[in-house]
Amino acid sequence: MQRLTKKGNMNDRMNIVLNKFKTRITTYPPGMCPLVLYRSLLQMSMNQSCGKCVPCRDGLVEVERMLGSILKGEGTHETLSKMKDLCVMIAETSDCAVGVVSANMILDSMTEFADEYESHITKQRCIEHRSQTIPCMTLCPAHVNVPGYIALIKEKRFADAINLIRNKNPFPTACAMVCEHPCENKCRRSIIDAPINIRGLKKFAVDQVSAKDVVPPKANVKTGKKVAIIGGGPSGLTAAYFLSLMGHKAVVFEEHEKLGGMLRYGIPEYRLPKAKLDDDIEALLKAGDIEVHTNTKIGRDITFTQIRKDYDAVFLGLGAQLGNRMPIENADLPNVIPAADFLQKVAKGEKIDLTGKKVVLIGGGNVAMDAARTAARLHAETIHVFTRKRDDITALESEVICAMQEGVRFRTLLSFLHIEDDKKTGLAQAVWLQPQIVGPYDEHGMMTTEHSSAYPYRFKCDYLILGVGQRSDVLEFEREGIPVERSRILADDTCQVRDMEGVFSGGDCVTGPSTAINAIAAGQVAAFNIDEYLGYHHKLESGIKIPGAMPNNCIPTGRAEIEEHDPFERIENFAHVEIPMTEEEGLREASRCLRCDHYGCGSMVGGRGDD
């Protein structure tokens, strides 16, 4: 007679423990030695060994001992060589994946962090001094003092919170609505329950007090220096903001009618109402001596040579506003359009009626999701998003979920072959797709695919949107001697353009299409390096007293999420989709912050992130 056992209950309890343990891996603190991380992962692998085969059971223990000796400064090049040979043997002879994967993991570390191994063996230390840093501040590209402004929000000092954000980022409102919030990725609150809703709290602050009503910091005395800013998007305006606060005159040249770049012309109204963007820009322009020339294109209205002659330094913040077309036949038909171009047309008020039309979108990035959700608001009958791989859906998970809620359909493992045109109308009438099958992962951990044996098939469409990337309009600058490679300006990590004295560049025109916060970070870095180039060393202090840290609240508490309006209501118009947090929600969420600027990593020498 069979009987139920209690093992299921034991496994359930173990799964609860393991789910809690996963957060310790995902919140591994920035600033730590990578070899320490690998040793931790190896120790975990050792515990998973069943003990049946010697290579895994005894070999991993010996590898861990050798790695430990290297970390202690006792290892030699001979130790490293023996460890490598041992890992190769374990990978080749272990019975199961525990030994194989663990050994290969250490072998990968020897390639990926060869310089770290060398430093530990020859100098008995990391390449550079390492210590845990404040995760949210480290992972924010602009290094905003996140714990500081959350503490200010907790005390209802919303204007001070906005100005503390501005100390690093002059777009508190825009980022409150569209930032991809990398600052949340390693939030230490995850060890207890879930990361702080940092973007949500920023939005809570600007919902309480409009950014345009918060007086920006006072500018330094004028230096008499003039800097030309080419491009009025997030990177260019950020550079202008900080340079003007330092006392320099910033002159912005923008080819469009209004400032904002892709924040205005690339992000739909339902995500970032342009009146809210204008709040940031209005406050930004009050910061110091900033002069703006809109409808001004370099090469048409003024030459780059003349600008270099008239100004002490130049910053190129061109953005990446030109949508890519695929190099295939019929890609230039009237009803085939790059996603970036489609979004700009809608942003400028051009009439695009998709009522009753079948829309196909190729690509899975954030711009593609914006285009798909915009098509839903233009009353498309159906919207299908096709990608070659699951990995190609790189948009934020929340954006993908919202798109699904709004009726967008997704299919992966389909390779785009060609566009079929209608000879009578001259329009695209279908796309041809080739089913794929998944293959091994490449060296970057990305899935590969290959054609399956299934036949290609025809998919009818009335409107085709190509979400296959954007590029910068750099042709005129290339003619003027700016070094360009694959439509990207060549600049170093100080934003100095290669071999061009006094010329700096940053943002999408250097990195390729990225996020608003990365563009803002580039503008900030460029401003301070331009200041150094001009012979100064200004420091911009916020002057805001941050509240002292209270004892940590480690009681598991639910995370306050930003709610959105009903999907069936959302797609009827372009009204902002997010519902503001209540005061109770915002203040409770702020109280979950563990104040890492004071406790734990923030209390370590070299690990503090004081404003």
Among the helices (runs of 4 or more DSSP H) contained in the stretch 76-192, which hold 2 or more residues that are under 32 Å from the mean Cα position of the chain (by Cα)?
-> 97-112, 114-122, 135-139, 146-154, 158-166, 172-178
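Filter the stretch 528-542 down to residues that are open to solvent by 80 Å² or more (accessible area, probe 1.4 Å) and in contact (Cβ under 8 Å) with a residue 40 or more places away in the chain and give me whichever is farthest from the chain's Cα centre (by Cα). First the steps, then the outcome.
Filtering the stretch 528-542 for residues open to solvent by 80 Å² or more (accessible area, probe 1.4 Å) gives 532-533, 537, 539, 541.
If we keep only those that are in contact (Cβ under 8 Å) with a residue 40 or more places away in the chain too, we end up with 533, 541.
Numbers: Tyr533: 29, Glu541: 26 Å.
Looking at residues that are open to solvent by 80 Å² or more (accessible area, probe 1.4 Å) and in contact (Cβ under 8 Å) with a residue 40 or more places away in the chain, I get Tyr533.
On the basis of being hydroxyl-bearing (Ser, Thr, Tyr), out of contact with any strand residue (DSSP E or B) (no Cβ under 8 Å at 6 or more places or on another chain) and more than 24 Å from Ala430 (Cα to Cα), does Thr303 make the cut? Steps first, answer last, please.
On the way: hydroxyl-bearing (Ser, Thr, Tyr): yes; out of contact with any strand residue (DSSP E or B) (no Cβ under 8 Å at 6 or more places or on another chain): yes; more than 24 Å from Ala430 (Cα to Cα): yes.
Here the answer is yes, as Thr303 does meet what is asked.
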Subset of the stretch 500-524 that is free of Cβ contacts under 8 Å to residues at least 40 places away in the same chain and either hydrophobic (A, V, I, L, M, F, W, C) or assigned to a strand (DSSP E or B) (or both) - its residue that is nearest to Gly236 (Cα to Cα) | Val510
What tally of residues in the stretch 95-112 results from selecting those that are under 16 Å from Asn47 (Cβ atoms), open to solvent by 60 Å² or more (accessible area, probe 1.4 Å) and β-branched (Val, Ile, Thr)?
-> 1
Counting only residues that are closer than 30 Å to Glu381 by Cβ and touching a Ser or Thr at 6+ places or on another chain (Cβ under 8 Å), the stretch 452-491 contains a total of 0
Name the one entry in Gly364, Gly319 that is on the phi > 0 side of the Ramachandran plot and either buried (at least 19 other Cβ atoms within 10 Å of the Cβ) or acidic (Asp, Glu) (or both).
-> Gly319
Among Arg24, Arg57, Arg39, which is the only one that is surrounded by 15 or more Cβ atoms within 10 Å (Cβ to Cβ) and within 21 Å of Lys186 (Cβ to Cβ)?
-> Arg39
Flagged in the stretch 420-440 as open to solvent by 30 Å² or more (accessible area, probe 1.4 Å), farther than 30 Å from Glu572 by Cα and assigned to a strand (DSSP E or B), in numbering order, are Glu420, Asp421, Asp422, Trp432, Ile437, Val438, Pro440
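Look through Ile121, Ile153 and report the one residue that is out of contact with any Asp or Glu (no Cβ under 6 Å at 6 or more places or on another chain), among the hydrophobic types (A, V, I, L, M, F, W, C) and open to solvent by 10 Å² or more (accessible area, probe 1.4 Å).
Details: Ile153 fails: open to solvent by 10 Å² or more (accessible area, probe 1.4 Å).
Checking each option against the conditions leaves just Ile121.
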In the stretch 486-499, the residues that are part of a loop (DSSP other than H, G, I, E, B) and closer than 18 Å to Asp473 by Cβ = Arg486, Ser487, Leu490
Please specify each residue of the stretch 178-204 satisfying the condition of being open to solvent by less than 10 Å² (accessible area, probe 1.4 Å) and more than 17 Å from Ile134 (Cα to Cα).
-> Gly200, Leu201, Lys203, Phe204
Can you tell me which residue within the stretch 339-354, out of those that are under 15 Å from Gly261 (Cα atoms) and small (Gly, Ala, Ser), is least open to solvent (accessible area, probe 1.4 Å)?
-> Ala340
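Return yes or no: is Asp462 modelled with pLDDT under 95 and charged (D, E, K, R)? Spell out how you get there, then give the answer.
Values: modelled with pLDDT under 95: no; charged (D, E, K, R): yes.
So Asp462 fails the test.
Only residues that are among the aliphatic types (A, V, I, L, M) and open to solvent by less than 30 Å² (accessible area, probe 1.4 Å): list them for the stretch 131-150, please. Walk me through how you get there before you give the answer.
In the first step, residues of the stretch 131-150 are kept if they are among the aliphatic types (A, V, I, L, M); the result is 134, 137, 139, 142, 144, 146, 150.
Correct list: Ile134, Met137, Ala142, Val144, Val146, Ile150.
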Go through the stretch 70-83 and give me each residue that's crowded, with 16+ Cβ neighbours inside 10 Å and free of Cβ contacts under 8 Å to residues at least 40 places away in the same chain.
-> Met83
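Can you tell which of Glu450, Glu443 is outside any loop (DSSP other than H, G, I, E, B) and open to solvent by 90 Å² or more (accessible area, probe 1.4 Å)?
Working: Glu443 fails: outside any loop (DSSP other than H, G, I, E, B).
Among Glu450, Glu443, only Glu450 is outside any loop (DSSP other than H, G, I, E, B) and open to solvent by 90 Å² or more (accessible area, probe 1.4 Å).
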Exclusive hit being in contact with a Phe, Trp or Tyr (Cβ under 7 Å, 6 or more places away or on another chain), surrounded by fewer than 23 Cβ atoms within 10 Å (Cβ to Cβ), touching a residue at least 60 places away in the same chain (Cβ under 8 Å) and among the polar types (S, T, N, Q), set Asn335, Asn324, Asn330 | Asn335
What do you reckon, is Leu534 at negative phi and in contact with a helix residue (DSSP H, G or I) (Cβ under 7 Å, 6 or more places away or on another chain)?
-> no
Given (1) within 18 Å of Ala313 (Cβ to Cβ); (2) open to solvent by 30 Å² or more (accessible area, probe 1.4 Å); (3) out of contact with any Gly (no Cβ under 9 Å at 6 or more places or on another chain), number of the condition Glu480 does not satisfy | (3)
Got a sec? Which of Ile571, Ile579, Ile562 is closer than 26 Å to Glu406 by Cβ and free of Cβ contacts under 8 Å to residues at least 24 places away in the same chain?
-> Ile579
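What number of residues within the stretch 193-209 satisfy the criterion of being under 23 Å from Ile579 (Cα atoms) and not in a helix (DSSP H, G or I)?
If we filter the stretch 193-209 for residues that are under 23 Å from Ile579 (Cα atoms), which is where we start, we get 194-209.
Subset that is not in a helix (DSSP H, G or I): 194-197, 209.
Result for the stretch 193-209: 5.
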Considering only the stretch 210-233, state which residues are in a helix (DSSP H, G or I) and open to solvent by less than 30 Å² (accessible area, probe 1.4 Å).
-> Ala211
Across the stretch 409-419, what is the total count of residues that are more than 20 Å from Glu381 (Cα to Cα) and either in a loop (DSSP other than H, G, I, E, B) or open to solvent by 40 Å² or more (accessible area, probe 1.4 Å) (or both)?
-> 4
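In the stretch 456-477, how many residues are closer than 26 Å to Gln306 by Cβ and open to solvent by 20 Å² or more (accessible area, probe 1.4 Å)? Don't jump to the end; show me each part of the working.
First, pick out the residues of the stretch 456-477 that are closer than 26 Å to Gln306 by Cβ: 471-477.
If we keep only those that are open to solvent by 20 Å² or more (accessible area, probe 1.4 Å) too, we end up with 471, 473, 475-476.
Result for the stretch 456-477: 4.
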Pick from the stretch 234-269 the residues that are out of contact with any strand residue (DSSP E or B) (no Cβ under 9 Å at 6 or more places or on another chain) and closer than 28 Å to Pro567 by Cβ: which of them is most open to solvent (accessible area, probe 1.4 Å)?
-> Glu269
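Could you say which residue among Cys593, Cys554, Cys601 is at pLDDT below 95 and assigned to a loop (DSSP other than H, G, I, E, B)?
Result of the check over Cys593, Cys554, Cys601: Cys554.
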Tally, over the stretch 367-379, of residues that are among the aliphatic types (A, V, I, L, M) and either under 16 Å from the mean Cα position of the chain (by Cα) or open to solvent by 20 Å² or more (accessible area, probe 1.4 Å) (or both) | 4
Among (1) at pLDDT 95 or above; (2) at positive phi; (3) acidic (Asp, Glu) - the single one Asp499 does not satisfy = (1)
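The values are calculated or read from the model by the stated rules, or taken from the named source; none is laboratory data. What you are looking at is a predicted structure, and each value in this text was computed from that prediction instead of being measured. For neighbour counting, all protein chains shown are included, and Cβ atoms are generated from backbone atoms with ideal geometry for every residue, glycine included. In case anyone asks, the SASA skips ligands and DNA or RNA and just uses the protein heavy atoms, side chains included. Shrake-Rupley method; radii C 1.70, N 1.55, O 1.52, S 1.80 Å.
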